[in-house]
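The values are calculated or read from the model by the stated rules, or taken from the named source; none is laboratory data. On a predicted model such as this, the values are computed, not experimentally measured, just so you know. Here the Cβ positions follow ideal geometry from the backbone for every residue, glycine too, while neighbour counts run over all protein chains shown. Protein only, heavy atoms only, side chains kept; ligands, DNA and RNA dropped before computing areas. Shrake-Rupley method; radii C 1.70, N 1.55, O 1.52, S 1.80 Å.
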Amino acid sequence: MGLDQYGSKVRTEYDSDTRSTTITKTEIAYWRKHNALQGWMEQRWRDKGGTGVFNCENLVLTSEDLDGLELAVRAQELPETTGCFFGPDSREDEDERHADLKFIEDAREALDEGYEIEYSSWW
């Protein structure tokens with residue numbers, strides 16, 4: 001068990017002829033026990049009105065959210081976050097920092113292509 005986290009690009013298309021909706025979701029990032037990122041995402045989710053336990057929730061990220069995340073990552077200001085299955089503190093992990101910045105870059109590109117960006121986690 002543990003904290004699994006996903007960044008995805010999502011496209012929703014409606015076909016008026018068949019009156020059906022197709023949702024395409026493609027993973028663009030995966031993290032394992034990156035608790036500091038989880039803390040930042042949970043706070044963003046709460047800022048957007050989320051309540052209860054932040055587990056198995058889809059958080060839609062805007063361009064402004066990605067800007068805020070990038071600032072926090074570059075300044076090494078992701079919050080200390082603990083949890084039963086979250087592992088050791090990930091704030092000082094250089095590999096995680098690079099993965100976060102790659103996700104932000106890929107997410108911005110996907111937004112430019114008309115996708116929606118989602119973050120979700122499961123623990």
Give me a count of the residues in the range 21-33 that are in contact (Cβ under 8 Å) with a residue 40 or more places away in the chain and within 11 Å of the chain's Cα centre (by Cα). 3
What are the pairs with Cβ atoms under 6 angstrom where one residue, in the range 78-95, is among the small types (G, A, S) and the other, located anywhere, is assigned to a loop (DSSP other than H, G, I, E, B) and surrounded by 10 or more Cβ atoms within 10 Å (Cβ to Cβ)? Sequence gap at least six, or different chains. G87/K33; S90/H34
The conditions are (1) in contact with a Leu (Cβ under 9 Å, 6 or more places away or on another chain); (2) part of a loop (DSSP other than H, G, I, E, B), and C84 fails exactly one of them. Which is it? (1)
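I'd like the full set of residues that are open to solvent by 80 Å² or more (accessible area, probe 1.4 Å) and over 17 Å from E105 (Cβ atoms), limited to the range 23-75. Before you say what the answer is, go through the steps one by one.
Applying the first criterion (open to solvent by 80 Å² or more (accessible area, probe 1.4 Å)) to the range 23-75 yields 23, 25, 27, 30, 32, 43, 46-48, 51, 53, 56, 58, 64, 71, 74.
If the condition is that a residue be open to solvent by 80 Å² or more (accessible area, probe 1.4 Å) and over 17 Å from E105 (Cβ atoms), then I23, K25, R32, Q43, R46, D47, K48, T51, V53, C56, N58 are the ones that fit.
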Kindly provide the set of residues from the range 100-118 that are open to solvent by 10 Å² or more (accessible area, probe 1.4 Å) and either of a type in the set (F, W, Y) or in a helix (DSSP H, G or I) (or both), ordered by number. L101, K102, E105, D106, R108, E109, L111, D112, Y115
Looking at (1) part of a helix (DSSP H, G or I); (2) touching an Asp or Glu at 6+ places or on another chain (Cβ under 9 Å), which is the only condition E96 fails? (2)
